[in-house]
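Visitor: Below: one structure in structure tokens.
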Amino acid sequence: MRLAWREALLAFKRAPMLSALSITTIAFSLFAFGLFGLVALNIRKALVEVEERVEVRAFIVDGTTSESTSAAIADVRAFPEVASVTLVTPEQALDRARRELGEFNDVFDPSILPASLDVRLKGGMRDPATVHAVAERMKTYDFIDDVRYGEEWVEKLHRIRNVATIAGILLGLTFATVAIVIIGSTIRMAILARAREISIMRLVGATDSFIRSPFLIEGALKGLLGGLLALAFAWIANYVIGHFVFRADFFDIRLSVLGVLGGALIGVLGSALSVGRHLREV
Amino acid sequence: MIRFTRVTKEFPRTGLALKEVSFHLARGEFTFLTGPSGAGKSTILKLIYLEEQPTAGEVKIAGASSVTIRNKDVPRVRRKMGVVFQDFRLLEDRTVEENIAFALEVTGVGHTTIQLKVARLLQLVGLSSKGPSLPRELSGGEQQRVAIARALANDPVLIVADEPTGNLDERATRGIFQLLKDINASGTTVLMATHDLELVRSTQYRTIELNHGQIVFDSRADVTPPDAGASV
Ligand SMILES: Nc1ncnc2c1ncn2[C@@H]1O[C@H](COP(=O)(O)OP(=O)(O)OP(=O)(O)O)[C@@H](O)[C@H]1O
Ligand SMILES: [Mg+2]
């Protein structure tokens with residue numbers, strides 16, 4: 001194992017330009033991946049915020065007794081999907097309308113607005129199907145007039161999120177593949193430069209895994225360094241954007257570590273593919 | 001130690017390199033392999049150090065058989081033999097010591113053992129003072145001694161040499177040959193392919209001569225296995 005590490009480190013010393021080049025290419029592909037990751041991260045965050053505002057509003061028929069209203073509140077609160085139920089009186093409804101819509105500034109009679117039950121759903125239960133089911137269940141109370149929950153809006157939100165997730169995964173896989181190919185070919189150059197050495201190693205009885213290990217370490221180190229570099233680039237980009245455009249979230253420690261480890265994994269995969277191919281060829 | 005049973009080797013473009021070759025080398029024997037260029041000498045050696053597989057027939061080396069051997073067992077068998085080439089095949093960017101140590105590191109020998117062993121091997125091949133030199137700083141004969149020291153590193157039971165003196169002048173040739181004789185005298189089986197008929201005639205060692213991929217002469221045909229008798 002000591003020999004493997006020494007050989008791997010020697011590889012950097014033997015071909016410093018090639019090593020620097022491959023680390024930079026890895027860094028750039030991971031950086032592109034990271035930038036997209038940041039965009040996805042921030043879209044997700046924004047969507048979560050928007051999604052938190054998803055609510056079902058059930059309008060109560062005029063003249064319903066406060067007993068039946070309280071009973072209904074207790075009932076709805078017991079739905080497994082429901083996080084909270086608030087009773088909004090006509091006065092509160094007018095207040096809110098004034099705040100949100102200028103047209104209501106001149107209206108002073110609260111009775112023109114119906115009272116409503118505002119229902120918030122638990123996180124993870126805000127998809128269109130669940131929201132629809134909850135709305136339908138509430139419609140079964142005969143003192144409930146109408147239930148609104150912005151169907152179109154909820155559905156659109158969901159579609160955006162799904163598209164963003166799929167696009168993120170596809171782009172991520174593409175970038176990872178590109179990075180693997182790049183690492184693979186730089187390692188391949190290193191392998192070809194040392195083909196003689198490898199054939200001599202085999203001749204003196206080295207096992208394939210012994211021959212492979214320095215290259216795998218080399219790939220992992222390059223991936224790791226590339227990953228760190230990419231993280232630094234991404235941080236700088238995020239800082240610059242935060243300074244001049246708008247404040248965006250950065251990866252937390254866990255995601256950062258995961259990203260750098262991902263770089264190492266890409267490095268190992270790239271070199272494993274190259275070495276495997278070479279060992280099969282000779 | 002080595003047994004070839006009706007071994008045929010065919011290469012994709014060049015055709016038959018060996019035709020039903022059978023012979024047996026006993027443990028501790030010194031044998032020359034001779035014959036004109038293209039006769040198949042190197043091919044026989046490659047079959048022995050498992051670089052090639054026979055197209056038909058069976059090669060047995062130190063208990064392993066080409067018919068049943070699995071890829072992962074190849075390194076273990078190779079550690080039982082040392083291989084020497086005409087072009088030395090040393091690593092140019094490493095010192096003499098490192099070149100020899102390399103063969104030991106590959107098999108996972110400890111650091112202290114390696115140092116002791118390298119010193120002993122250098123002494124054996126008469127290069128004790130050349131440890132820190134690079135291969136290009138040595139003469140051809142000295143480089144071949146380093147290659148032989150490397151071949152001996154794992155205490156092989158067999159040395160396979162493909163024209164080890166092919167690039168050397170007469171003096172160096174005699175030195176290398178003497179070294180191989182000494183190695184053989186200590187019990188190691190040696191198989192040496194050579195063009196140097198003068199060298200072959202100057203000794204009483206067994207000689208197998210190949211031509212067009214077949215054995216045309218064996219100075220000790222009596223030790224070839226009985227099933228090879230028909231083809232001789
Ligand atoms: N890897 C290979 N691919 C195709 N043909 C080969 C290969 N190795 C050897 N041959 C062919 O096999 C035949 C025997 O070659 P080999 O190298 O064994 O001869 P040799 O006796 O060692 O000759 P020399 O004295 O010139 O070294 C030749 O015709 C050669 O062209
Ligand atoms: Mg030859």
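Visitor: Greater than 24 Å separation of Cα atoms is the criterion. Which listed pairs, A:LYS13/A:LYS222; B:LYS41/B:LYS72; B:LYS46/B:LYS80; B:LYS19/B:LYS41, meet it?
Guide: B:LYS41/B:LYS72
Visitor: Which of the three applies to region A:1-74, rounded, prolate or oblate, going by the alpha-carbon gyration tensor with a ≥ b ≥ c and a/c under 1.5 meaning rounded?
Guide: It is prolate, given that a/c is not under 1.5 and a/b is the larger ratio.
Visitor: Just how far, in whole angstrom, is region A:41-55 from region A:207-238 if you go by their alpha carbon centroids?
Guide: With region A:207-238 and region A:41-55 each reduced to a Cα centre, they are spaced 35 Å.
Visitor: If you don't mind, another one. Between region B:1-60 and region A:108-130, what is the C-alpha centre distance in whole Å?
Guide: 88
Visitor: I would also like to ask the following. Determine, for B:HIS195, B:HIS111, the number of other Cβ atoms within 10 Å of each Cβ, and report the residues in order from fewest to most.
Guide: Lowest to highest Cβ neighbour count: B:HIS111, B:HIS195.
Visitor: Still on this structure, I have one more. Looking only at other chains, what is the average number of their beta-carbon atoms within 10 angstrom of each beta-carbon in A:204-217?
Guide: 5
Visitor: Mind listing the phi-derived Karplus ³J(HN,Hα) values for region A:230-240, rounded to whole Hz, using 6.51, -1.76 and 1.60 with θ = phi - 60°, and x for any glycine or proline?
Guide: With the stated coefficients, region A:230-240 comes to 4, 4, 5, 4, 4, 5, 4, 4, 5, 5, 4 Hz.
Visitor: Among B:PHE4, B:ALA62, B:ILE215, which residue has its Cα furthest toward the positive end of the charge dipole of chain B, with +1 on Lys/Arg Cβ and -1 on Asp/Glu Cβ?
Guide: B:ALA62
Visitor: A follow-up question, please. So what's the gap between the Cα centers of region B:86-158 and region A:245-282, to the nearest angstrom?
Guide: 39
Visitor: Once you have a ≥ b ≥ c as the square roots of the Cα gyration tensor eigenvalues for region A:60-155, tell me rounded if a/c is under 1.5, and otherwise prolate or oblate according to whether a/b is larger than b/c.
Guide: oblate
Visitor: Starting with the fewest neighbours, write out A:VAL257, B:VAL77, B:VAL84, A:VAL147 ranked by other beta-carbon atoms found within 10 Å of each beta-carbon.
Guide: Ordered by Cβ neighbours within 10 Å, fewest first: A:VAL257, B:VAL77, A:VAL147, B:VAL84.
Visitor: With unit charges on the beta carbon (Lys/Arg positive, Asp/Glu negative), name the residue among A:GLY102, A:THR89, A:LEU121 whose Cα is farthest towards the positive pole of the charge dipole of region A:82-122.
Guide: Value: A:LEU121.
Visitor: Counting just the Cα atoms, what span does chain A cover along each of its three principal axes? Round to the nearest Å and put the largest first.
Guide: 95, 40, 28
Visitor: Please order A:ARG98, A:ARG159, B:ARG145 by the number of other Cβ within 10 Å, starting at the fewest.
Guide: Details: A:ARG98 15, A:ARG159 11, B:ARG145 25.
By the 10 Å Cβ count, ascending, the order reads A:ARG159, A:ARG98, B:ARG145.
Visitor: Across chain A, where is the longest run that never hits chymotrypsin sites (Phe, Trp or Tyr not before Pro) in a DSSP loop with at most 12 other C-beta atoms within 10 Å?
Guide: Here the longest run is A:109-245.
Visitor: Just to confirm the number: angle between the C-alpha axis of helix A:90-100 and the first principal axis of chain A, 0 to 90 degrees, nearest 10?
Guide: Roughly 50 degrees, rounded to the nearest 10.
Visitor: Quote to one decimal, in nm, the extra length available between A:PHE246 and A:ARG137 on full extension: 0.36 nm per residue of separation minus the C-alpha distance between them. Walk me through the numbers on the way to the answer.
Guide: On the way: separation 109, 0.36 × 109 = 39.24 nm, distance 4.21 nm.
Roughly 35.0 nm would be gained on extension.
Visitor: Once fully extended, how much extra length lies between A:LEU170 and A:SER68, figured as 0.36 nm per residue of separation less the alpha-carbon to alpha-carbon distance?
Guide: Working: separation 102, 0.36 × 102 = 36.72 nm, distance 5.20 nm.
The span from A:LEU170 to A:SER68 would gain 31.5 nm if fully extended.
Visitor: Further, regarding this structure: Would you mind classifying region B:151-215 by shape? Square roots of the alpha carbon gyration tensor eigenvalues, ordered a ≥ b ≥ c; an a/c under 1.5 is rounded, otherwise it is prolate if a/b is larger than b/c and oblate if not.
Guide: oblate
Visitor: Under a crude label model (7 Å from the Cα following the beta-carbon direction), how far is A:ILE112 from B:THR68 in nanometres?
Guide: In this crude spin-label approximation the distance works out to 9.9 nm.
Here, each number is a calculation from the coordinates, and none is a lab measurement. Computed from a predicted structure; not experimentally measured. Virtual Cβ from ideal backbone geometry, glycine too; neighbours counted across all protein chains shown.
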